[in-house]
Each structure stands twice: as structure tokens, then as C-alpha cells.
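Here's the structure we're looking at; comments come further down.
The values are calculated or read from the model by the stated rules, or taken from the named source; none is laboratory data. Since the model is a prediction, treat every value here as computed from it, not as a measurement. Virtual Cβ from ideal backbone geometry, glycine too; neighbours counted across all protein chains shown.
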Amino acid sequence: MRILFTGASSFTGHWFVQELAAAGHKVTAILRRPASEYPEAARRMRAARLGEVSQLLSGMSFGDDQFLKLISGEAFDVLCHHAADVTNYRSPDFNVLAALENNTRRLDRVLAAMHEGGCRRVVVTGSVFENDEGAGSGDLKAFSPYGLSKALTWQMFRHYAERLGLAVGKFVIANPFGPFEEPRFTAYLMKNWLAGETPAVNTPDYVRDNIHVALLAKAYANFVSAMPTEGHTRIAPSGYVESQGAFAQRLAVEMRSRIGRPCALQLRTQTDFSEPMIRINTDQAAVSEFDASKAWDDFASYYQNLFPSG
């Protein structure tokens with residue numbers, strides 16, 4: 001299929017494009033700027049790798065003039081909308097309305113043009129941190145204003161897509177980890193272990209759904225490939241459902257033999273309970289072609305190359 005993919009330079013977006021191309025699809029990936037101009041090293045690496053597997057177009061954003069010109073001149077079978085405004089996404093002052101505007105700019109015109117060009121499927125990436133998404137403790141409210149913006153984006157896409165008779169699918173992401181990620185939890189653990197230090201886990205009691213990005217990407221490619229041309233579909237792939245302390249210990253077990261370090265941990269007594277205790281996805285990520293051992297090997301190798309002084 002001919003796929004137009006937004007948000008390709010993101011951590012998960014980069015992996016999704018890789019797997020869609022590996023599945024035989026022709027992917028056109030759009031970027032807001034050339035790969036060399038991204039300030040973050042990880043994003044520059046991801047963007048550079050995209051050119052090896054996709055038609056890479058830079059200098060446009062969803063719904064802007066250049067984007068509309070592209071979809072008016074080329075035909076696509078599927079629109080995969082993975083891009084999202086994440087500016088200050090952790091802040092309680094995150095601008096929900098501005099993010100919604102950026103995520104859905106000229107949405108009615110975009111979908112009408114895609115439909116006229118032969119597109120019959122739209123896939124929107126959702127988050128387990130949205131309101132009324134996933135399973136867990138409490139009333140499943142949005143984790144943050146960012147989570148609320150993602151939920152509203154989905155509702156906008158579903159409304160306008162269904163009005164045109166387009167099939168619409170939602171792919172819900174929990175907590176992905178793996179190579180080419182921004183420096184977050186697993187990167188923090190690996191950097192300390194490779195330096196011979198003992199990292200601390202400050203929130204070991206939270207139960208989360210950590211999924212290797214290679215498995216998540218294969219599930220995404222399978223979802224897009226099998227998506228029907230009518231109706232509404234949804235999947236929320238699940239990985240390792242356990243406390244953050246247990247996940248850190250799992251990671252330590254997998255890494256000890258691979259990086260030759262003791263991978264010690266300090267599990268602190270958790271005092272911050274500002275987030276829901278449990279938030280997880282609900283669908284088993286049953287992907288027969290996923291090789292877990294290789295995924296752990298690649299994870300270890302990536303961080304050994306990233307932190308060679310360890």
C-alpha cells in the first residue's frame with residue numbers, strides 16, 4: 001500500500017516506518033525540517049535513518065500549504081497520523097487547544113483531499129495516558145493536559161473520517177522503550193550500569209505497561225496491513241505489565257550477561273503518588289515474527305555504542 005506517514009522522526013514513528021517498509025509498503029514520511037536541523041541528537045539519527053526505507057519529505061507539517069499540495073498531487077491508500085504537538089507535554093500548563101489545532105489543522109480539507117485521491121483508511125496514534133483509555137486504577141482520567149489533547153485529536157479524526165466514509169483505526173501506545181529513544185528511564189539505567197554505578201528507581205510502585213519498541217512496531221505494521229476499508233477498529237498492544245521496580249529488575253537480568261556489568265539497583269521507598277497507581281494497555285501483542293532475544297541484544301548493543309566510556 002501507499003502510505004503517508006506523519007510524525008516519522010519521533011521515537012516510535014521512526015520504528016513504525018521501518019516496519020511498514022519491511023512489510024512491503026511504500027511509505028512517504030514527512031518531517032517539519034531537514035534531518036540535520038533537529039536539535040536533539042536522537043531525533044537527528046532517527047530522521048537520517050528514515051531516508052533509507054522511505055520517501056522522505058521535509059519542510060512541512062500536517063495541514064499546512066505544503067502538505068495540502070502534496071496530497072493534492074499524489075495518491076495514497078492510507079494516512080497514518082502519528083504526529084502530535086508535544087511541546088512541554090509534561091507541564092500542567094500544556095496548551096490543549098493549541099495542540100489540538102496543530103494536530104488537526106485543516107482536518108476536513110485534508111481528509112477530503114485524501115479521499116478524493118483514493119485513500120480509504122486513516123490510522124491515528126493514541127496514548128494510554130488519554131482519558132478513558134487503557135485499564136487501571138481510578139476513573140481513567142487523562143494523566144495530563146497532553147493526554148487530553150490526544151483524546152480530543154482522536155475524536156476529531158474519527159468524526160471527520162467517518163463522515164466521509166473512511167475506515168478509521170486507533171493504535172494505542174503504552175510505555176515504549178528501546179534503541180533511539182530520548183534519554184528517559186531505560187537510558188538512565190543503562191548509562192549508570194555501563195559506568196559501573198547503581199541507579200535509583202524513585203517510583204518503583206507504579207504499575208505500567210512497558211513494551212519493546214520493536215514488538216510495538218511489528219504490531220503497528222500488522223494493524224495497518226490488516227485494516228479493513230470500512231468501519232472503526234482499535235488495538236492497544238500490551239508488553240510487560242508490572243511495577244516499575246519489577247521492570248527495572250527485569251531489565252537488569254537481561255542486561256547482566258549482555259553488557260558484563262552487575263546492573264545493581266536501588267529501589268527507593270516511593271513518596272510521590274501524583275499519578276494513577278496503575279495504567280496499562282489491554283490487548284496481547286501477539287506477533288509471531290518478534291524475536292525477544294534479538295531485541296534485547298539490539299538494546300544492549302545500542303547503549304554500549306551510545307555510552308562507549310562505560
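Checking the condition within 17 Å of F185 (Cβ to Cβ) and touching a Gly at 6+ places or on another chain (Cβ under 9 Å), which residue from Q304, Q270 passes?
Numbers: Q304 fails: within 17 Å of F185 (Cβ to Cβ).
Result: Q270 is the single residue among Q304, Q270 that is within 17 Å of F185 (Cβ to Cβ) and touching a Gly at 6+ places or on another chain (Cβ under 9 Å).
Could you list, in sequence order, the residues of segment 198-221 that are assigned to a loop (DSSP other than H, G, I, E, B) and either buried (at least 23 other Cβ atoms within 10 Å of the Cβ) or among the hydrophobic types (A, V, I, L, M, F, W, C) (or both)? Can you show your working first?
In the first step, residues of segment 198-221 are kept if they are assigned to a loop (DSSP other than H, G, I, E, B); the result is 198-199, 202-206.
Passing the criteria: none in range.
Filter segment 84-108 down to the residues that are surrounded by 15 or more Cβ atoms within 10 Å (Cβ to Cβ) and over 21 Å from A8 (Cα atoms) and list them by number.
Passing the criteria: F94, N95, V96.
Are any of the residues in segment 184-195 at pLDDT 95 or above and over 18 Å from G245 (Cα atoms)? Can you show your working first?
Step one: list which residues in segment 184-195 are at pLDDT 95 or above, which gives 185-195.
From what's left, over 18 Å from G245 (Cα atoms): 194-195.
For segment 184-195, residues at pLDDT 95 or above and over 18 Å from G245 (Cα atoms): present.
Taking the conditions exactly as written (without any contact (Cβ under 8 Å) to a residue 60 or more places away in the chain and either more than 27 Å from R158 (Cα to Cα) or not in a helix (DSSP H, G or I) (or both)), does A47 satisfy them or not?
Working: without any contact (Cβ under 8 Å) to a residue 60 or more places away in the chain: yes; either more than 27 Å from R158 (Cα to Cα) or not in a helix (DSSP H, G or I) (or both): yes.
Yes: the conditions hold for A47.
Would you check which residues across segment 161-183 are more than 30 Å from D297 (Cα to Cα), buried (at least 19 other Cβ atoms within 10 Å of the Cβ) and in contact with a Leu (Cβ under 8 Å, 6 or more places away or on another chain) and list them? Spell out how you get there, then give the answer.
Keep residues of segment 161-183 that are more than 30 Å from D297 (Cα to Cα), which gives 161-170.
Next, from what is left, pick out any that are buried (at least 19 other Cβ atoms within 10 Å of the Cβ): 161, 166-170.
Of everything in segment 161-183, those that are more than 30 Å from D297 (Cα to Cα), buried (at least 19 other Cβ atoms within 10 Å of the Cβ) and in contact with a Leu (Cβ under 8 Å, 6 or more places away or on another chain) turn out to be A161, L166.
Output the residue which, of all residues in segment 253-299 that are aliphatic (A, V, I, L, M), assigned to a helix (DSSP H, G or I) and touching a residue at least 60 places away in the same chain (Cβ under 8 Å), is farthest from K141 (Cα to Cα).
If we filter segment 253-299 for residues that are aliphatic (A, V, I, L, M), which is where we start, we get 253, 255, 259, 264-265, 267, 277-278, 280, 285-287, 292, 295.
Now drop any that are not assigned to a helix (DSSP H, G or I), which leaves 253, 255, 259, 292, 295.
Still in the running and touching a residue at least 60 places away in the same chain (Cβ under 8 Å): 255, 259, 292, 295.
Working: M255: 35, I259: 40, A292: 33, A295: 33 Å.
Looking at residues that are aliphatic (A, V, I, L, M), assigned to a helix (DSSP H, G or I) and touching a residue at least 60 places away in the same chain (Cβ under 8 Å), I get I259.
Evaluate the following for T125: is it in a helix (DSSP H, G or I), in the same structural domain as G7 (by TED's automatic domain parsing) and under 25 Å from R43 (Cα atoms)? Walk me through how you get there before you give the answer.
On the way: in a helix (DSSP H, G or I): no; in the same structural domain as G7 (by TED's automatic domain parsing): yes; under 25 Å from R43 (Cα atoms): yes.
So T125 does not fit the description; no.
Would you check if there is a residue in segment 15-37 being surrounded by 13 or more Cβ atoms within 10 Å (Cβ to Cβ), in the same structural domain as F223 (by TED's automatic domain parsing), more than 20 Å from the chain's Cα centre (by Cα) and assigned to a loop (DSSP other than H, G, I, E, B)?
Checking segment 15-37: at least one residue is surrounded by 13 or more Cβ atoms within 10 Å (Cβ to Cβ), in the same structural domain as F223 (by TED's automatic domain parsing), more than 20 Å from the chain's Cα centre (by Cα) and assigned to a loop (DSSP other than H, G, I, E, B).
Return only the number of the condition from (1) assigned to a strand (DSSP E or B); (2) over 28 Å from A142 (Cβ atoms) that M190 does not satisfy.
(1)
Within segment 11-68, count every residue that is among the hydrophobic types (A, V, I, L, M, F, W, C) and over 24 Å from F177 (Cα atoms).
Step one: list which residues in segment 11-68 are among the hydrophobic types (A, V, I, L, M, F, W, C), which gives 11, 15-17, 20-23, 27, 29-31, 35, 41-42, 45, 47-48, 50, 53, 56-57, 60, 62, 67-68.
If we keep only those that are over 24 Å from F177 (Cα atoms) too, we end up with 56-57, 60, 62, 67-68.
Of the residues in segment 11-68, 6 are among the hydrophobic types (A, V, I, L, M, F, W, C) and over 24 Å from F177 (Cα atoms).
Name the one entry in V224, V287, V241 that is surrounded by 13 or more Cβ atoms within 10 Å (Cβ to Cβ), at negative phi and either at pLDDT below 95 or of a type in the set (S, T, N, Q) (or both).
That would be V287, the only listed residue that is surrounded by 13 or more Cβ atoms within 10 Å (Cβ to Cβ), at negative phi and either at pLDDT below 95 or of a type in the set (S, T, N, Q) (or both).
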